[in-house]
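The values are calculated or read from the model by the stated rules, or taken from the named source; none is laboratory data. These figures come from a predicted structure and were not determined experimentally. Cβ atoms come from the backbone with ideal geometry, glycine included; neighbour counts cover every protein chain shown.
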Amino acid sequence: MTTGLFSTAPSVSNSPVIQRKPYNSTSIRCCEDSNPRINLKLPHDDNCLASFPEKNNYPSKQKPPRPRRIILVRHGQSEGNVDECVYTRVADPKIELTQLGISQAEECGREIREMIEKDGADDWKVYFYVSPYRRSLQTLRNLAKAFEKSRIAGVREEPRLREQDFGNFQDQEEMKIQKAVRMRYGRFFYRFPYGESAADVYDRITGFRETLRSDIDIGRFQPPGQQSPNMNYSDSLTWPYFESVS
């Protein structure tokens, strides 16, 4: 199932929305991100969440179980959602959550846990992929408060999950012009100066989807010797693009 939370319209009263979608499998390899990342400190001090689990060695004819669900989470309300002028002076990856966004993330974690516990399984765990953008890391940090460290199988920063890049520091008047040109050119293929087109985002999300399929197929998230179907994956990303390529 796919779950998307947090609408990001520039409003101070965003409310969570949940969507769900089943997941299928194929095979690929996982890429490692070698770029420097913001240090992600979840509320559990010794969980070693920055490490990526080792490949599980299953017999060649025995496939690891499929995850019970994939949960897509949109970041909570950010400073840019409240005031677009922030983009003129703060780099997009450094924009933070508002206090409301922090509260939304905490509530999101509680909702996800409640949804998982309704399955009635005792051996469930969650594994998180997260964008390196600060607001996404803050969302995860606060969302994860709802889970004991024993329930979190791991965390990985994944740069392909970042939002569409509209350029560097964004001049408001120039952005109005660019968005008008985009409407004439075509929303999907228009590439913003120094930024991306929606097609660019589609391509990298497609690549991540294949990585996720590979990780599932090789049992990367299953503890050695175990085959639990009660694994839940959460991704913090621009989820409409993920849904369109799934």
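For the range 89-134, the candidate set comprises residues that are more than 22 Å from residue 159 (Cα to Cα) and polar (S, T, N, Q); within that set, the residue that is surrounded by the most Cβ atoms within 10 Å (Cβ to Cβ) is 104. Within the range 47-74, restricting attention to residues that are closer than 27 Å to residue 104 by Cα and in contact with a Phe, Trp or Tyr (Cβ under 6 Å, 6 or more places away or on another chain), the residue that is modelled with the lowest pLDDT is 67.
Could you list, ordered by first residue, the pairs with Cβ atoms under 6 Å in which the first is in the range 72-85 and of a type in the set (A, V, I, L, M, F, W, C) and assigned to a loop (DSSP other than H, G, I, E, B) and the second is buried (at least 24 other Cβ atoms within 10 Å of the Cβ) and modelled with pLDDT under 95, at least 6 apart or interchain? Within 6 Å, no pair qualifies. Within the range 142-171, the set of residues being out of contact with any Asp or Glu (no Cβ under 7 Å at 6 or more places or on another chain) and of a type in the set (S, T, N, Q) comprises 150, 168, 170.
In the set (1) at pLDDT below 95; (2) surrounded by fewer than 18 Cβ atoms within 10 Å (Cβ to Cβ); (3) closer than 22 Å to residue 232 by Cα, residue 145 fails one condition alone, (1).
Does any residue of the range 133-145 turn out to be over 15 Å from the mean Cα position of the chain (by Cα), more than 30 Å from residue 219 (Cβ to Cβ) and in contact (Cβ under 8 Å) with a residue 60 or more places away in the chain? Checked the range 133-145: no residue is over 15 Å from the mean Cα position of the chain (by Cα), more than 30 Å from residue 219 (Cβ to Cβ) and in contact (Cβ under 8 Å) with a residue 60 or more places away in the chain. In the range 86-113, the qualifying residues are those that are charged (D, E, K, R) and not in a helix (DSSP H, G or I), and the one that is modelled with the highest pLDDT is 96. Scanning the range 165-186 for residues that are under 25 Å from residue 208 (Cα atoms), of a type outside the set (A, V, I, L, M, F, W, C) and crowded, with 16+ Cβ neighbours inside 10 Å returns 165, 167.
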